[in-house]
Amino acid sequence: MLSFLMPEAASTQASETDAIYLALVGFSLVIVLLVAGLIIVFSIRYRRSVRAERGPLPVIVSRELEIGWTVMTLFIAVFIFWWAASARLSALPPPPGALEIHVVARQWMWKTQHSNGAREINELHVPIDRPVRLVMTSQDAIHSFFVPAFRIKQDVLPGRYTETWFQADKLGSFHLLCAEYCGTEHSRMIGRIVVLRPEDYGRWLSVQPQSDDFAREGEALFVATGCAGCHALSSKVHAPKLTNLYGHVVQLSDGRSVTANDAYIRDSILQPNRDIVAGYEPIMQSFAGILSDGEIQSLTAYIRSLSVTPGENAAAPGQRSPAMVPGGAIERPNSAAPQGGQP
Ligand code: HEC
Ligand SMILES: [Cu+2]
């Protein structure tokens, strides 16, 4: 219905979004027609030249009618709120086992990277019928990742990760736009999402010039940037071991406790003196300006690969499973969280 007015719908989220949107338009249309219709009827019926009854208004038409229509419109408004909010909330967490793709936005292009390290610019190839989770950050201004055909739009912020996910259910090529004014060439910050059959995606991925996968790239950086000097299991420096850190609770020296996620690890690298781990001295210096966003994402992927966390068990092909990591089975001594990660 009315599909000729809408952008093509090519994801599992699209149909419900459209249903909510059309219901809102339909409901508004009924009210607009009612009000506009009555204006026209009354202006003809009570126009000046007509001898119509113009006595004082009746005090109240009917109490039941007043209460009835007030309650009914309230009910409709609450229903629409509940429908839209619950659809939005249930669409927030990506399904476990989703394919992870990293996106870095900058003036004025989209850089994407697949879990095996293959990179693209202003393009993203994905398999059909498989949830794809995007972990995004920006190198400069605020951008917004907008794919009309998938009905997804998510702001991409500097200094922070944002996430969204989709599951394409149509083959083809779809527009990718930046939906947040980000400078002179904002309107040219466009790309496309190419949805392929799974076997074609596999073939496409295998012929891309590959760098290492995220975790292995991160492991190399971990040594090259000197993190290992303090954090390696064999290090003599009094620094926390990062095994089984990701997804677990960290006690901080000021008494707070936080769950180690992407943002926490990013902050630990860029602003190490903000959250000091209980029992350690603030001797780590900031790596702001030394490591790029892409490098921090890779380091994060490496640190994540050192723990068993819920949802990560169904690792995408090419990702290391935690059991393969040396030392992956070592318990994290200062962690209050239950180990193992199974909910
Ligand atoms: C000079 C030694 C040193 C170096 C080099 C160093 N760190 Fe640290 N790091 C520490 C210490 C000590 C702490 C605990 C105190 C704190 O939170 O600042 C820490 C904390 C952390 C934490 C939080 C750990 C937790 O258990 O919550 C992370 C993550 C981290 N570092 C990552 C890195 C990464 C990645 C690098 C390399 C880019 C790095 N560190 C380089 C000494 C170091
Ligand atoms: Cu932009």
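Read-outs throughout are calculated quantities, based only on the coordinates presented, and are distinct from any laboratory measurement. Predicted, not measured: the structure shown is a model, and the values here were computed from it. Cβ coordinates were reconstructed from backbone atoms using ideal geometry, including for glycine residues, and neighbour counts include every protein chain displayed.
Taking the DSSP beta bridges with both ends in the chain, the antiparallel portion is around 70 percent. Average projection, convex hull of the Cα set of the chain: 26.6 square nanometres. When peptides 267-273, 292-298 are sorted by average Cβ neighbour count within 10 Å, with the highest value leading, the order is 292-298, 267-273. All Cα-Cα separations within the stretch 49-96 were binned at 5 Å from zero, giving a P(r) of 4, 15, 11, 11, 10, 10, 9, 8, 6, 5, 4, 3, 2, 1, 0, each value a whole percent of the pairs. Within the stretch 36-75, all pairs of alpha-carbon atoms sorted by distance into 10 Å bins from zero give the percentages 23, 31, 35, 10, 0. For the stretch 1-63, what percent of Cα pairs sit more than 20 Å apart? Here the tail beyond 20 Å accounts for 58 percent of pairs. Can you find, among T300, L157, W69, the residue farthest towards the positive end of the dipole of the chain? Put +1 on the C-beta of Lys and Arg, -1 on that of Asp and Glu. Value computed over the given set: W69. Each label point was placed 7 Å from the Cα along the Cα-to-Cβ direction; for A228 and Y264 their separation is 2.5 nm. Label positions at S49 and S253, each projected 7 Å from the Cα along the C-beta direction, are separated by 9.0 nm. Here K170 is the anchor, and the lysines within straight C-alpha reach of less than 25 Å, apart from those fewer than 8 places off in the same chain, are K111, K153. For the peptides 15-22, 172-179, residues were scored by their other Cβ atoms within 10 Å and the scores averaged per peptide; the highest-first order is 172-179, 15-22. Once divided by 2.2 N^0.38 Å, the Cα radius of gyration of the stretch 143-280 becomes 1.41.
Per-residue ellipticity at 222 nm from helix content only, as computed over the chain with -39500 (n - 2.57) for each DSSP H run of at least four residues, stands at -10500 deg cm²/dmol. On the beta carbon distance between K236 and N273, with R0 = 25 Å, the FRET formula returns roughly 0.65. Here the stretch 99-206 was treated as a single set of alpha-carbon atoms; its pair distances binned every 10 Å from 0 give 16, 53, 27, 5 percent. Legend: helices of the chain (whole DSSP H runs) are marked when their alpha-carbon atoms reach 20 angstrom or more along the helix axis and their mean Kyte-Doolittle hydropathy is at least 0.0; marked are 14-45, 63-90.
Computed from backbone phi with θ = phi - 60° and the Karplus coefficients 6.51, -1.76 and 1.60, the 3J(HN,Hα) list for the stretch 102-114 is 9, 10, 10, 9, 8, 6, 10, 7, 10, 10, 10, 9, 8 Hz; x is used for glycine and proline.
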